[in-house]
1. Percent antiparallel among DSSP beta bridges with both residues in the chain, to the nearest 5?
2. Place +1 on the Cβ of every Lys and Arg and -1 on the Cβ of every Asp and Glu in segment 183-304, take the dipole about the Cα centre, and give the residue among THR302, THR228, TYR189 whose Cα lies farthest towards its positive end.
3. How long are the three semi-axes of the equivalent ellipsoid for segment 118-242, computed from the Cα gyration tensor as the root of 5 times each eigenvalue, in whole Å, largest first?
4. Any chance you could list the semi-axes, whole Å, largest first, of the equivalent ellipsoid that the Cα gyration tensor gives for segment 337-382, using √(5λ)?
5. Treating cross-link reach as a plain straight distance, find the aspartates and glutamates whose alpha-carbon is under 19 Å from the alpha-carbon of LYS319, omitting any fewer than eight places away in the same chain.
6. Dividing the alpha-carbon radius of gyration of the chain by 2.2 N^0.38 Å (N being the number of residues), what value is obtained?
7. Of ALA441, TYR368, THR415, which is farthest on the positive side of the dipole of segment 334-443, counting Cα position, with +1 on Lys and Arg Cβ, -1 on Asp and Glu Cβ, and the Cα centre as origin?
8. From the cross-link list LYS268/LYS293; LYS19/LYS269; LYS149/LYS174; LYS133/LYS245; LYS133/LYS217; LYS230/LYS345, which pairs have alpha carbons spaced over 18 Å apart?
Amino acid sequence: MEHVIIIGGIAGGMSAASKLRRLNGDIKITVFEKDSHISYGACGLPYYISGVTPSHEELLARTVEDFEEREIRVHINHEVTKVDPLKKEVHVINLQTGKQFIAAYDQLLIATGAIPVVPPFVPKEASNIYTLKTLEDGIRMKEYFKEEKIKKVGIIGAGYIGMELVETMLELKKEVVVIELQDQILPNYDKDVADILAKSLQERALIRTGEEVKELKVSRNQVTHILTDKGSYEVDAVVINVGIKPNTDIVSDIGLNMLDNGAIIVDKKQRTSVENIFAAGDCATSMHLLLNKPVNIALGTTANKHGRVAAENIAGNSKEFPGILGTNVVKVMEWTAAMTGLTEKEAEKEKIAYESVMVEAGSHASYYPDAETIHIKLVYEKDAKTVLGVQMLSKDPSIAKRADVFAVAITNGMTTEQIAMLDLSYAPPYATVWDAVQVAANAAK
């Protein structure tokens, strides 16, 4: 019986396991997961910590027992420490008992995800420093931050998770200081868009951009102050969110082609450069639909698709993953930010001849209650007027789906004129006669 081993039991790994079982009822499937939970919604962790989602069980999509019922053998608290592609074996340690063993595979899927980057200034002896990546991280943070004595929280890094945690900590009635090395929050966005959000948050959180952390001052195993090149900030706890990196150290020496950051380069069938080894999720690359090169953009949506495509090809079918635009959305307090495709700074870096336009449009008819302004930045090719990317910011969450309209348009190579003439729906509670999408497209000259 053919044996498929999957390293990693979260989005990409369990998506692959489920699909593979649906495709083949006889194949032997074994999953090794280092942590004690599998198949959960990691994107929901900030809302669990704040109490918006009451229980961590609500984040669990399926349990070990659910998979066992489908004859998918799942080993939690089991870490793969080595992969031997010549012998087609993995070395495993049971983290609870310390027992080590070797398991043979016919085909292997690496779905080890990503891990937080821990800067060199982080002291190992401090007990009030947190990162947020796993469900275990979330459970620990929820328990700690519910304490009323924890009043001042320092968040280092103003990316997606960092800004979501601003909302989390404000919900928990904490004082928040955010320190970001770059000159803006949400560094994946253009500065002129991100600054609109930053300005609106300054009255509720102290946001310090363009500031470098030099030291975390420790007293009695607790960080008491964040010291930067511009000041000192008293804190009761620190959350580090300066980025993530592919969790691929265990396979760095087996001959896999990788990007500089350690992401495993795969083809459109999720195959790596080593025979019988596939990769999926945050540890793997995707082809960028505009740049036509492999990129590593960590998104749960992508990980699930990777897993499904990998399963199809492991099962002997021929399925391809077409690629990505990096479409994403984030909620920060009453604001929603959404983007897809290239930003202006990315287009400039790639030396693409582009133009951009920034407009404001209404979320729906102004005479209908609760209309909000939508800020839209559109990036498009200078001559062809083909759309390259969009960034949107509003207190109206519907921009998440409006960004998806642009994702469809970019995927299909549409021009601003074609978008402007799309047959989009209209009624006063939902849109303006010219939808915000079309207002932006019409502004592109």
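1. If I count the DSSP bridges inside the chain, around 60 percent turn out antiparallel.
2. Positive-end residue among those listed: THR302.
3. Working: eigenvalues 95, 55, 37 Å².
Gyration-tensor ellipsoid for segment 118-242: 22, 17, 14 Å.
4. 29, 10, 6
5. Here the aspartates and glutamates satisfying the reach criterion relative to LYS319 are ASP267, GLU275.
6. Details: Rg = 23.1 Å, N = 445, 2.2 N^0.38 = 22.3 Å.
That works out to 1.03 for the chain.
7. Going by the Cα projections, it comes out as THR415.
8. Over 18 Å Cα-Cα: LYS133/LYS217; LYS230/LYS345.
Any read-out appearing in this document is the output of simple, stated calculations on the displayed coordinates, not a laboratory observation. In this text, all values refer to a predicted model and were calculated from it rather than measured experimentally. So basically every Cβ, Gly included, is an ideal-geometry build from the backbone, and we count neighbours across all protein chains shown.
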